[in-house]
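Data first, discussion second: the structure below is written as structure tokens.
The values are calculated or read from the model by the stated rules, or taken from the named source; none is laboratory data. All values derive from a computational prediction rather than experimental measurement. So basically every Cβ, Gly included, is an ideal-geometry build from the backbone, and we count neighbours across all protein chains shown.
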Amino acid sequence: MYINAAIAISPQDTFLKDQIADEVIEHNGIMKTILPDFKEYFKPIDLRRMSRIIKSGTTTALECLKEAGIEKPDAIITGTGLGCLEDTESFLNKMIDNNEGLLTPTAFIQSTHNTIGGHVALTVQCNEYNVAYVHKTISFETALLDAVLMLGEGKAENILVGGIDEMTQENYELKKRVNLWKKEPFSNLNTYKSDSEGCIPGEGATFFNVTKTRKANSYAEIKMVELVHKYENIDDFKKLIENRINNSGITINDIDLVLFGYNGDDNGDAYYDLLKDSIFSKSGHAYYKHLCGEYDTAPAFALWLAVKIFKTGKAPDNIFIKKPEGEIKNILIYNQDINKNHAFMLLSK
Amino acid sequence: MQFDKDKKVFVTGIGIISAIGTNAKETLSSLEHKKHGISQISHIKTIHKDELKVGEIKLTNAEIKERLNLQGDNTYPRTTLLAIHAAKEAYEDAGLKRNDGFKTGVILGTTVGGMDKSEVVYKNIGEDLSFIDSHHCGYTTERVADFLGAHDFVSSLSTACSSGVNAILLGARLIKHGILDRAIVGGTDALSKFTINGFRTLMILHTEHSCPFDKNRKGLNLGEGAGIIVLESEKSLNGKKVYCELTGYANNNDAFHQTASSPDGLGPYLSMKNALEMSGLKPCEIDYINVHGTGTDNNDVTEGLAMIKLFDGKVPKFSSTKAFTGHALGGAGGIESVFSILAIEHDMIFPNLNFKEAIPEINLIPVTETIKNAGVKNVMTNSFGFGGNDSTLIFSKV
């Protein structure tokens, strides 16, 4: 499976860009996305009615199709952890505050997890396969795996795959109480310097166009998407991952760079070390969540970053834990959620 | 990983809990004897209590927990409890055992995840903050996977009211790709104040008992429940009882409106057509369609038009069973898949309750009395949802 287009709206200046600037944009508290001017993408009524996530998701999806030179994909597959959170909260709050009175349907209609996939289908008039995966931190990787399956079935030639999540002030305050986020507003520039619980919340909308066959504009080949819900024995887990990589067409020693999902949370980061210092010890090491923050579909941002490293042949220095020597040809993206939902995406230039 | 399109996918276990029964046996008896489960709301504190009718499961959360021996745990939303209840039945029905060497996964669909619990504690947060975790749609799937010890693939999806069917569809595909030998799949949703009020703002809730496919239909009754089935490849069967084979599936998008169907039902037509093509069956070989049939103005006409187009006017026997259960949203596709499997297993077609007069635009008459010895070999079931999501499954007698 080949990636031909990648568009991201993120907390960095990434929309329609090919690279991350060397200077990281600083955020304190929620790492909010830097939004383009949506006026050229939506009618005034939709601009007013639609939430940030719907506008961001739809815009990245449409630009992605444009970059790939495709009018209508053969399938639209999305991943989102909490879906359209702002609309969900809006309807929930009004319902509780007004004691179920004076409610209007817009927020309810737009609250479903498949709103963006449905809206993109509607916009480009795509009647084909359309699904939204909603399994926490593997929502995007399940969507990407579905695309691999679908191309393998010969049912599609080109697919739009995306990961979309938004963070709200309300959710931020709520999750602070269970130590999911850092207690105090914390700069993303210090993401990995903390020795405390919690991480820095982020958000983003990222879409890719993937095809079965290699095109002139293909940047990367997806060699493997592997999901491991949980493991009992770390040695068996290492063996399993090593075997899967070795069966993908390259060997574990060919991996030039591993992009780890380190997020500064003491509870989770140690589980990355277990693989970093063992089966991946010979590869280069990098992290990326200081750029996008932590959110369920953050691995989609990592994939965007990897694709852009291939496309431009350059990587920003701020991502490296251990910079590899020579050209980066194979990148592995590894994300997990406090030792659950381990997800691997392996791609080659 | 090698896709084998000819690899057969069998149903070996079924589990169901809805307003008409807490297991497959009770459910079949209710369907056969036209015993519906529509009543007033009793578990949810809502100001709409007296003006709406719903398909509610009368067991309280505490009672469900007791049945599942989960007394010590107070954190599960009802959506999760219903799923575990149905999954346990399906798992035992299929005679599965933990760690038997076959790759077993769990994939579930839901619309609002743990909302039934979140909405109660949201503005009244005390010490129990567990709803933050249980709100996620993936939470239920993980609890079911843990309960059954099935961890080889665990994921969740949400395509609104077609979620349950799409979970079954993914399970079948993972088996055909050899990623799993066996998939525990389906849908679950509990009634919630959030969805009751949401559907109410759309003005598609009937205040009385719904009457799908009737000229005077006035909307749907919401419902709740879970329908979960075990899919297996030939490899893990070992001579065990097989209910039927999943011979066709399709997912298409109507691409018309977030909540309304296109005037001619293009999405429903495509999903039925593609599922039929995949099954290799002729249109006349479909013996029964368990339609989506919500009882809303829009759905029943467009689904009817799509059936007329696909079957060239010769629409097979069909019924909506939503007047029995209410519309259980993400649970509906799982529940109605179990109904379809029961139709094949017991050679029976279930009635469409409350039908009096055909809708003039389509002039289609559903089955209104239980038909026994109906010669049911192939059953089609539809589930359509917000976002234009239309999905169809076909189950066939082996």
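A few remarks follow.
- Picking from residues in the stretch A:110-125 that are without any contact (Cβ under 8 Å) to a residue 40 or more places away in the chain and crowded, with 22+ Cβ neighbours inside 10 Å, the one that is farthest from A:Lys72 (Cα to Cα) is A:Ser111.
- Residue selected from the stretch A:92-123 under the condition in contact with a Leu (Cβ under 7 Å, 6 or more places away or on another chain) and facing chain B (nearest Cβ under 8 Å), by the criterion nearest to B:Ser261 (Cα to Cα): A:Pro105
- Put simply, of A:Ala220, A:Ala216 the only residue that is over 30 Å from B:Val144 (Cα atoms), among the small types (Gly, Ala, Ser) and loosely packed, with under 13 Cβ neighbours inside 10 Å is A:Ala216.
- Residues satisfying the stated conditions in the stretch B:148-178, i.e. surrounded by fewer than 24 Cβ atoms within 10 Å (Cβ to Cβ), facing chain A (nearest Cβ under 8 Å) and in a loop (DSSP other than H, G, I, E, B): B:His151, B:Asp152, B:His177
- Looking only at the stretch A:93-109, residues that are buried (at least 23 other Cβ atoms within 10 Å of the Cβ) and either in contact with a strand residue (DSSP E or B) (Cβ under 7 Å, 6 or more places away or on another chain) or polar (S, T, N, Q) (or both) come to 0 in all.
- Within the stretch A:124-142, being at the interface with chain B (Cβ under 7 Å from one of its Cβ atoms) and either polar (S, T, N, Q) or under 30 Å from B:Arg143 (Cα atoms) (or both) holds for A:Gln125, A:Asn127, A:Tyr129, A:Asn130, A:Val131, A:Ala132, A:Tyr133, A:Val134, A:His135, A:Lys136, A:Ile138, A:Thr142.
- Extreme residue, farthest from the other protein chains (Cβ to nearest Cβ), among residues of the stretch B:353-395 that are buried (at least 20 other Cβ atoms within 10 Å of the Cβ) and among the hydroxyl-bearing types (Ser, Thr, Tyr): B:Thr381
- Flag if B:Phe324 is in contact (Cβ under 8 Å) with a residue 12 or more places away in the chain and either in the same structural domain as B:Lys25 (by TED's automatic domain parsing) or touching an Asp or Glu at 6+ places or on another chain (Cβ under 6 Å) (or both): no
- With respect to the conditions (1) closer than 30 Å to B:Leu364 by Cα; (2) free of Cβ contacts under 8 Å to residues at least 60 places away in the same chain, B:Lys215 lacks only one, and its number is (2).
- Qualifying positions in the stretch B:34-59 - within 19 Å of B:Thr188 (Cα to Cα) and touching a Lys or Arg at 6+ places or on another chain (Cβ under 9 Å): B:Gly37, B:Ile38, B:Ile41, B:His43, B:Ile44, B:Gly55, B:Ile57, B:Leu59
- Residues (surrounded by fewer than 22 Cβ atoms within 10 Å (Cβ to Cβ) and at the interface with chain A (Cβ under 10 Å from one of its Cβ atoms)) located in the stretch B:137-147: B:Asp146
- Flag for A:Lys323 being of a type outside the set (S, T, N, Q) and without any contact (Cβ under 8 Å) to a residue 60 or more places away in the chain: yes
- Candidate set: the stretch B:110-134, residues that are at the interface with chain A (Cβ under 9 Å from one of its Cβ atoms) and in contact with a Gly (Cβ under 6 Å, 6 or more places away or on another chain); chosen: the one surrounded by the most Cβ atoms within 10 Å (Cβ to Cβ): B:Thr110
- When residues in the stretch A:172-185 are screened for being surrounded by 13 or more Cβ atoms within 10 Å (Cβ to Cβ) and in contact with a strand residue (DSSP E or B) (Cβ under 8 Å, 6 or more places away or on another chain), 5 of them pass.
- Within the stretch A:143-168, considering residues that are crowded, with 23+ Cβ neighbours inside 10 Å and of a type in the set (D, E, K, R), the one farthest from the other protein chains (Cβ to nearest Cβ): A:Glu166
- Among the residues of the stretch B:328-353, just one is of a type in the set (Gly, Ala, Ser) and either in contact with a Lys or Arg (Cβ under 7 Å, 6 or more places away or on another chain) or not in a helix (DSSP H, G or I) (or both), namely B:Ala328.
- Filter result for B:Ala24 (of a type in the set (A, V, I, L, M, F, W, C) and touching a strand residue (DSSP E or B) at 6+ places or on another chain (Cβ under 6 Å)): yes
- Picking from residues in the stretch B:42-76 that are free of Cβ contacts under 8 Å to residues at least 24 places away in the same chain and within 14 Å of chain A (Cβ to nearest Cβ), the one that is nearest to the chain's Cα centre (by Cα) is B:Lys49.
- Residue within the stretch A:186-208 that is within 14 Å of chain B (Cβ to nearest Cβ), crowded, with 24+ Cβ neighbours inside 10 Å and at pLDDT below 95 present: no
- Selection within the stretch A:237-290 - at pLDDT below 95 and part of a strand (DSSP E or B): A:Asp265
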